[in-house]
Amino acid sequence: MASWEAREFLQRHSVGVCSLAMAGIGLVLLRRWFSGGVCKSKVRLDGKTVIVTGANVGIGKETAKDLAQRGARVILACRDLEKANKVAAELRKASGNGNILVQKLDLASLQSVRSFANRIQETETRLDVLINNAGIMRCPKWKTEDGFEMQFGVNHLGHFLLTNLLLDLLKKSAHSRIVTVSSLAHVRGKINFDDINLDVSYDTAASYDQSKLANVLFSRELAKKLRGTGVTANCLHPGVVMTELGRHMIPTISLWLKIIFAPFVWLAFKNPWQGAQTSIYCAIAEELDNVSGLYFSDCAAKEAAPQARDDEAAKRLWELSAQMVGLDESERQLLHTPES
């Protein structure tokens, strides 16, 4: 098209062109708004040791990559060692940090959790950050190796036991941090104390919501028990992120719905790097050195749902969880209790 033709076209269709340009700018700004907060801290982590569960994919991988770039010794705690070793090699190259290790951890097995914790205690002299990131969402009614409902077992019980077993190392490394990835789904959650495994009435969404509420209540009670130890515990909502977490749910959605919602998904869903920002923020931000027991989203503290601020429920869930995973008295003694 000649220049004079282009000018004539623009003159005739100036309103339409301007409208399209404004719409495009609006979409870009809206996309940026949906992308959420970004961790702006420049802090280095040289000499620090970090564990990230489920670090071979999604926001766990992006979190591990960021912390490795800051100089941390990063341990990828993963179920699939083949995938994890490939990711570790990728992260070493991308970060320039050769101090990235892989350790086997299957959160659906209490024995695997205990074996992992034992290896860490034997091989590591410090643990500065534990990021409870791994999770499963809306799977069928599966059971863990120990007979627990899968989503509650992996998302909550596995991390509950892991955290308790690593507390001694975390306390020796104080100031240290425990970061647990929850979800906005906790606002729909209810802890079914009389049917914790949902054997009477299983619903895949209700199960996920319960496990994410358990994450928040766990962090709240843990923060209370760790008061004065130099170890903080916070939890977070990473946002709605395009990761493999939805692999059990996506196949159930019809093709026409996928097509209809594709533009919304592009607009509103975060990518894994964006989804990892709040995890990174909670793990390293200097202003959070003495902040504990809070719920974060988009790199800022937010108010959790009312049922997530129920101290009696948090205490009751803690006792039930300790019983379910078989914490013995010596393991319970790793916690500092303010009232004692």
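The values are calculated or read from the model by the stated rules, or taken from the named source; none is laboratory data. The structure displayed is predicted, hence computed values, not measured ones. We place every Cβ from the backbone using ideal geometry, glycine too, and count neighbours over all the protein chains shown.
Some observations on this one:
- Condition check for VAL74: more than 21 Å from CYS39 (Cα to Cα), among the β-branched types (Val, Ile, Thr) and at pLDDT 95 or above: no
- Residues that are among the β-branched types (Val, Ile, Thr) and either on the phi > 0 side of the Ramachandran plot or assigned to a helix (DSSP H, G or I) (or both), drawn from the range 137-161: VAL154
- Positions within the range 296-325 being under 20 Å from THR232 (Cβ atoms) and not in a helix (DSSP H, G or I), in sequence order: PHE296, SER297, ASP298, CYS299, ALA300, ALA301, LYS302, GLU303, ALA304
- Candidates LYS190, LYS172, LYS224 - the one that is under 26 Å from GLU122 (Cα atoms) and at pLDDT 95 or above: LYS172
- Any pair with Cβ under 8 angstrom, 6 or more apart, that starts in the range 36-51 at a residue that is closer than 14 Å to ALA68 by Cα and touching a residue at least 12 places away in the same chain (Cβ under 8 Å) and ends at one that is among the charged types (D, E, K, R) and surrounded by fewer than 18 Cβ atoms within 10 Å (Cβ to Cβ): VAL43/GLU286; LYS48/ARG126; THR49/GLU124; THR49/ARG126
- Top-ranked residue of the range 174-202 - restricted to ones that are of a type in the set (A, V, I, L, M, F, W, C) and under 21 Å from the mean Cα position of the chain (by Cα), ranked as nearest to ASN215 (Cα to Cα): VAL181
- Reported count of residues in the range 92-123, each being among the polar types (S, T, N, Q) and in a helix (DSSP H, G or I), is 7.
- Among the residues of the range 179-198, those that are part of a loop (DSSP other than H, G, I, E, B) and crowded, with 24+ Cβ neighbours inside 10 Å comprise SER182, SER183, GLY189.
- Close pairs (8 angstrom Cβ cut-off, 6 or more residues apart or separate chains): closer than 13 Å to ILE191 by Cα in the range 312-328, modelled with pLDDT of 95 or more and of a type in the set (S, T, N, Q) anywhere: ALA313/GLN307
- Counted residues, the range 217-230 - those being within 13 Å of HIS175 (Cβ to Cβ) and crowded, with 24+ Cβ neighbours inside 10 Å: 1
- Subset of the range 114-131 (residues that are in contact (Cβ under 8 Å) with a residue 60 or more places away in the chain and within 20 Å of the chain's Cα centre (by Cα)): LEU127, ASP128, VAL129, LEU130, ILE131
- The residue list ALA68, ALA134, ALA77, ALA89 contains one member that is in contact (Cβ under 8 Å) with a residue 12 or more places away in the chain and assigned to a helix (DSSP H, G or I), which is ALA68.
- Within the range 70-87, considering residues that are over 19 Å from the mean Cα position of the chain (by Cα) and not basic (Lys, Arg), the one farthest from GLY47 (Cα to Cα): GLU82
- Summed over the range 164-178, the residues that are surrounded by 15 or more Cβ atoms within 10 Å (Cβ to Cβ) and in contact (Cβ under 8 Å) with a residue 60 or more places away in the chain give a count of 9.
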